[in-house]
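Below is one structure, written out as structure tokens; comments come after it.
The values are calculated or read from the model by the stated rules, or taken from the named source; none is laboratory data. All of these numbers come straight from a predicted model, not from anything done at the bench. Neighbour counts run over all protein chains shown; Cβ positions are idealised from the backbone, glycine included. The accessibility values were calculated without ligands, DNA or RNA, using every heavy atom of the protein model including side chains. Shrake-Rupley method; radii C 1.70, N 1.55, O 1.52, S 1.80 Å.
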Amino acid sequence: MRKEADKMNKKILVLIMITTVITALVICAGIYRDAQRNNKVEADRVAQQKLDARIEKEKETLETAEAAVNTAYKTRLDKDIDRANEAIKKLNENQKAEKTKLTDKMTKLAGFLKQIAAVDKAIKKAEESRTEDDIKAAQDLIDKVIDPYLKDDKDAAQKRLDDLKTQIANELAQQQLEAEAQVQTESTEEPTQPSEEQPNVQEIQPEQQNPVVEQPAYSEQPQPYYPQPVQPNPVQPTPIQPETSNPEPAPSQSSDDGGNTQPAESAPEGGNTDA
């Protein structure tokens, strides 16, 4: 009986030891499982913190780049454009889409500034030359500005070119008015000029005609003057004139330069002369 009891006690002891080991193993497994779970939770927490930090940093980097791009669009200064390009370069591979978008915006900004510079240069050239070709070339460049971002620039350039056109038109109109006034003044003065010069012509004409009417240097012998006898009226007889004792001689014409006079032929005495 005692042997059986000892065998039973040994079996019970073995069972207790096995149970204890199993219990310990179960407890250790639970502890290990809890530890693993805690480690995973901690690792997940750390990873999440890192992810959140990275996302926050990427967000800040993106916001910085976007703000720099907007500032470059507003100011158009070289330093702001350079700052925007540097901010875009700091974007990582996780922000590839945003990086490409901002890079395209900066490329467009460079094209816009180049377009506005070309318009400004064309207008300056037109202002200096004032030729129709240069004005037309500037207008063509203004018409090609169609982006809404450049609306204010286009309006300012168009107003500047319109002011130039108006100024040139006013100058041409003023020149035309002055030319018309000059022509009118000249046409008004032209009739008075001959009248002022006419006395000179009249004064010159006698001088030109004097040699024609002047007597030659030598003198010609003039012909004597013979008075014609008075013819009687054939119808009515002329009464007989009485003889006069001292008839007056007819006047004689003095001709030559030597002072000689020729007596004029006197009428016959003795009454009427037959026709």
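With the structure loaded, tell me whether residue 58 is of a type in the set (Asp, Glu) and within 30 Å of residue 149 (Cβ to Cβ) or whether it fails that test. Outline the logic, then answer.
Values: of a type in the set (Asp, Glu): yes; within 30 Å of residue 149 (Cβ to Cβ): yes.
Considered against the rule, which asks whether it is of a type in the set (Asp, Glu) and within 30 Å of residue 149 (Cβ to Cβ), residue 58 comes out as yes.
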Inset, instruction - Identify, from the list 18, 22, 81, the residue that is under 30 Å from residue 148 (Cβ atoms), hydrophobic (A, V, I, L, M, F, W, C) and assigned to a helix (DSSP H, G or I). - result: 81
Legend entry - All positions within the stretch 127-140 that are touching a residue at least 24 places away in the same chain (Cβ under 8 Å) and open to solvent by 50 Å² or more (accessible area, probe 1.4 Å): 127, 130
Legend entry - the stretch 141-166, residues that are of a type in the set (Ser, Thr, Tyr) and free of Cβ contacts under 8 Å to residues at least 24 places away in the same chain: 166
Legend entry - Flag if residue 54 is surrounded by 10 or more Cβ atoms within 10 Å (Cβ to Cβ), in a helix (DSSP H, G or I) and over 56 Å from the mean Cα position of the chain (by Cα): yes
Inset, instruction - Tell me, please, whether a residue that is surrounded by 10 or more Cβ atoms within 10 Å (Cβ to Cβ) and at pLDDT 80 or above can be found in the stretch 4-12. - result: yes
Inset, instruction - Say whether the condition of being of a type outside the set (Ser, Thr, Tyr) and under 30 Å from residue 111 (Cα atoms) is met by at least one residue in the stretch 38-59. - result: yes
Inset, instruction - Output the qualifying pairs, or none if there are none: Cβ atoms under 7 angstrom, residues six or more apart or on different chains, first residue in the stretch 105-117 and in contact (Cβ under 8 Å) with a residue 12 or more places away in the chain, second residue among the polar types (S, T, N, Q). - result: 106/85
Legend entry - All positions within the stretch 70-98 that are free of Cβ contacts under 8 Å to residues at least 24 places away in the same chain and open to solvent by 70 Å² or more (accessible area, probe 1.4 Å): 70, 74, 77, 78, 79, 82, 83, 86, 89, 93, 96, 97
Inset, instruction - Could you identify the single residue in 103, 185 that is farther than 30 Å from residue 70 by Cα and surrounded by 10 or more Cβ atoms within 10 Å (Cβ to Cβ)? - result: 185
